[in-house]
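Have a look at the structure below, then the notes.
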Amino acid sequence: MSRAALPGLPSRHPLGAALPALYAADDLAQRFTAGLDTVLAPVLSTLDNLAAYFDPDLAPDDFLAWLSSWLAADLDPAWPEGLRREVVARAVELHRLRGTARGLVTRLELCLGVRAEVHDGAGAVWSPDPDGELPPSVGVVRVRVRPGRSGPVDRAAVEALVDAVRPVHVTCVVEVGDD
């Protein structure tokens, strides 16, 4: 929906009423300012409600995608509106947890409705040569998911989300349980 063309939207701040007394009785001035009121009414209405545009719970649906781009909250258009609003509302928290086991579990539970556990392989490796090949990965992170509030687990969706949020140097294996 476009907020730029709402027929019959009255101006909360009509310009004709703010004119000096000399022009207040002039019919041409009043008609001219009424035309400006029609053009400015959507702009003034938007500015009057500007705070609501930055609240994920109140923002218009078409503005939510733009708001999510400001926060780098990747939204899937196929998600229900309530989930998209919650992801935008929790974007800062999700960014703070990004790259951690807790962040991955939170993201999986929020976005896909699955119960998840992350089992991290311990260890560290390094290369003594700064220009040499990267050393092989020590451990593999196992992500175990089970059905949650969403019903059966969509393995492809889980793997896509894990690949999108995991650190690039970490190898993850997704295991799907049915309990």
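The values are calculated or read from the model by the stated rules, or taken from the named source; none is laboratory data. Since this is a predicted model, take the numbers as computed values, not measurements. Glycine gets a Cβ as well: all are built from the backbone with ideal geometry, and neighbour counts include every protein chain shown. All accessible areas refer to the heavy atoms of the entire protein, side chains included, with ligands and DNA or RNA removed. Shrake-Rupley method; radii C 1.70, N 1.55, O 1.52, S 1.80 Å.
Things worth noting here:
- With both residues required to sit in the chain, DSSP beta bridges show an antiparallel share near 55%.
- FRET efficiency, Arg155 to Ala72 (Cβ-Cβ, R0 25 Å, nearest 0.05): 0.45
- GNM top mover of Leu44, Leu134, Leu64 - the chain, alpha-carbon springs below 10 Å: Leu134
- Highest mobility in the GNM of the chain, judged by mean-square fluctuation with C-alpha springs under 10 Å and restricted to Leu50, Leu28, Leu71, is found for Leu28.
- For segment 49-100, the convex hull spanned by the alpha carbon atoms encloses 75 Å³ per residue.
- Value of Rg to Rh for the chain, rounded to two decimals, is 1.28; Kirkwood radius and Rg both from alpha-carbon coordinates.
- For the chain, carbon and sulfur atoms together expose 60% of the accessible surface, with a 1.4 angstrom probe and every protein chain in place.
- At a probe radius of 1.4 angstrom, the accessible area of the chain per residue rounds to 65 square angstrom.
- Per-pair calculated FRET efficiency, R0 = 25 Å: Phe63 and Arg98 via Cβ, rounded to 0.05: 0.55
- A straight chain from Asp55 to Leu9 at 0.36 nm per residue would run longer than the Cα-Cα distance by 14.2 nm.
- Relative contact order of segment 36-179, defined on C-alpha pairs under 8 angstrom at six or more residues apart (%): 17
- Per-bin percent of Cα-Cα distances, segment 1-76 [10 Å]: 18, 35, 23, 15, 8, 2
- D_trans [Stokes-Einstein, Kirkwood Rh over alpha-carbon pairs] for segment 89-179, 10 °C, 1.306 mPa s, µm² s⁻¹: 112
- Multiplying the residue separation of Ser45 and Asp131 by 0.36 nm and removing their Cα-Cα distance gives an extension gain of 25.0 nm.
- The largest-to-smallest principal axis extents of the Cα set in segment 35-79 are 41, 18, 15 Å.
- Coordinate range along principal axes, alpha carbons of segment 65-126, Å, largest first: 41, 25, 16
- Two-site FRET efficiency, Asp178 against Ala124, from Cβ-Cβ distance with R₀ of 25 Å, rounded to 0.05: 0.15
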